[in-house]
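What follows is a set of notes on a single structure, which appears directly below.
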Amino acid sequence: MKNLFAKIAAAGLFMLAPVMAQAAEGYSTANVNMRAGPSTRYPAVAVIPAGSSVEIRGCLSDVNWCDVEFYGSRGWVSGQYVQALYQQRRIYVGPQYYRPLGIPVIRFSVDNYWDRYYRNRDFYRERDRWSRGPDDYYRDNRDRDIRDRDNRDRDNRDRDRKWRDGDRNRDGDRDWRNRNGNQDGRDDNRRGDRRDGDRRPNGRDFDCRPGDPSCDQ
């Protein structure tokens, strides 16, 4: 009977072992941003002060980034800013220490991770773009900024061209009025000269004599 209880207890401990190995205690070595993904390009979700305790929930195998918990919040921190206690000394968390520290190797998916922890965050609305990776997200933003800048430049050029065309039209109207106004003035003068000429036959003044029919015209 004692052997049976011992086997059951051992089996229970064996079943609990993976659960117990799901987290390791660590410490931040600097004021570091906890981010929404394993890259400095992902949005920051909190700042972990230097010396703060964090729970390391898992780390990636290909890059040294770890999923940590800090005061109930979850996010990612580079292993170069996290230390853990190993054989009575603090070491920086790296792939060679994952197994001895009981840190599981995990994967990251924007859809699953953000659905679980970031539904109330503003950046969650753009998770479809972020799911392609932070480099693609920033490349899309850069291309969009370039398109917007080109559109603004084109609009500015069109507006400047319209202003220049408007100025030329106004200058043309002013020149036309000046030219036609001067011409009208000259015509008026000539008409006045002709009228004066009508009063002065042959363009010369003369004295009317009584009975001269020219004086009656």
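The values are calculated or read from the model by the stated rules, or taken from the named source; none is laboratory data. Keep in mind that what you see is a predicted model, and the values were worked out from it rather than measured. These area figures cover heavy atoms from the full protein model, side chains too; ligands, DNA and RNA do not enter into them. Shrake-Rupley method; radii C 1.70, N 1.55, O 1.52, S 1.80 Å.
Observations
- Protein heavy-atom surface of the range 75-124, 1.4 angstrom probe: 41% of the accessible area is carbon and sulfur, with nucleic acids and ligands not counted.
- For the range 46-53, 3J(HN,Hα) computed residue by residue from phi via the Karplus equation (6.51, -1.76, 1.60; θ = phi - 60°) reads 6, 10, 9, x, 4, x, 6, 7 Hz, glycine and proline entered as x.
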